[in-house]
Amino acid sequence: MEKLIMIKYGELTTKKGNRENFISCLINNIHNKLNGIDYKIIKDRSRMYIKSSNIDEIVDKLKNIFGVHGIVIAYKINTNNIEDIKKSSLEILSYKNFKTFKVKTNRALKDYPLDSMEISRVVGGYILANLKDISVDVHNPDEVLNIDLRSEGCFIYTNEIEGSGGYPVGIQGKGLLMLSGGIDSPVAGYLSLKRGISIECLYFESPPHTSLEAKNKVLELVKILCKYTNKIKIHIVPFTKIQEEIYKNNASNYMITIMRRMMYRISEEVAKKNDIKVIINGESIGQVASQTLESMSVINNVTNMPVIRPVACLDKLEIIDISKKIGTYETSILPYEDCCTIFLPKHPIIKPVLEKCIDIENRFDYKSLIEDAINNIETITISEKDKNEFLELL
């Protein structure tokens, strides 16, 4: 028997004529994650197999690769002879500690002389006859022995590890994530990656009103998101002059609305410069004043680019649960203010009027300020292996 990793594609198998593109993208992403490890990939239309002497290390990395639905450590025998299947199945289960079991067969070979139920009965009977103190339980067994009969051989395994699912990152193109240091936007980035969108990030900093710690917090969030992809670019926008000008021109309770409209204008220009087709953010309907439907409509008015809001219909507790699952929560709650909170009015407008926004914006030359901010963007490329010295001090 040969020990190897079997990858199940899940949703990718529904892609019919485009399946090969999805699988090729997945293989490329796997190569990026397994760089430095000795392995060999063999693929077909419904499965992928990885041979390596570093199976456990590879499995840990595969868990975070989108497009992988299931991960199995399987034993392959190069024959579909029922006697060989019986003996190999017994050998595999003889190392297990269990009282009840069942056999589950997937027969991809439709011309095989036995059907799936017959194979399961034959193998199950053989195991019962050769192992003591065990019984069959088809409803809640301690162990499930899976037999997968395919043209390239028979694959036998017990446990299946759940993968991340979704689509391979990059298959859907690229999006620009408006990343703050909060809880919501990293989750929006994660969910976008899961749907096959590669991301670049945009962060607005306002020194001296925002701190170096706030910036480093965001860089750490990008690094965490890299666990689910390869490298991520982050564009850091100097936003101080724009915020101060908005404040000087008596925006009062419209301060956040005008600020967000400026951010959208900048996001669209950065996206166009980097061949990015959509803007992504962590807006959740009704969570704050700028995220009421009225506010979102007025803010969105400044761009014709599609805006994706992956967490729009999730409540805060649902978003927090995802952030804990993906590892961003503890970093997101570090107490360093971003530019969205430093000039926050006591009573921000929840039903802004578009004409009022335009009137405030006409009081200063925001176009030249936006151009200056874009011309002075700092771009950093981050990978999962990069060190963040700031976080190491905490």
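Readers should treat all values here as calculations from the given coordinates under stated rules, not as data from a laboratory. Note that the structure is predicted; figures quoted are calculated from it, not measured. So basically every Cβ, Gly included, is an ideal-geometry build from the backbone, and we count neighbours across all protein chains shown.
The table below lists the values:
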item	result
Protection proxy ranking of 239-249, 134-144 - average other beta-carbon atoms within 10 Å, highest first	239-249, 134-144
Given Lys217/Lys241; Lys174/Lys241; Lys241/Lys273; Lys16/Lys102, the pairs whose alpha carbons are separated by over 26 Å	Lys174/Lys241; Lys16/Lys102
Overall form of the stretch 237-293 per C-alpha gyration tensor (a/c, 1.5; a/b vs b/c)	oblate
Packing rank of 286-295, 362-371, where each peptide gets the mean count of other beta carbons within 10 Å, highest leading	286-295, 362-371
For the stretch 35-160: Kirkwood Rh in Å [reciprocal of mean 1/r, alpha carbons]	15.8
The chain: angle of helix 255-273 to the longest principal axis, Cα-based, in degrees nearest 10	60
Subset of Lys233/Lys324; Lys61/Lys231; Lys15/Lys194; Lys233/Lys316 violating a 18 Å alpha-carbon distance limit	Lys233/Lys324; Lys233/Lys316
Anisotropy class of the stretch 1-105 from Cα gyration tensor, a/c 1.5 cut	prolate
Placed amide H near Arg150: partners under 5 Å, 5+ positions off or other chain	Phe155
Computed [θ] at 222 nm, deg cm²/dmol, the chain (DSSP H ≥ 4; -39,500 (n - 2.57); rounded to nearest 500)	-11000 deg cm²/dmol
Highest-fluctuation residue, Lys227, Lys33, Lys272 considered, GNM on the chain with Cα pairs under 10 Å	Lys272
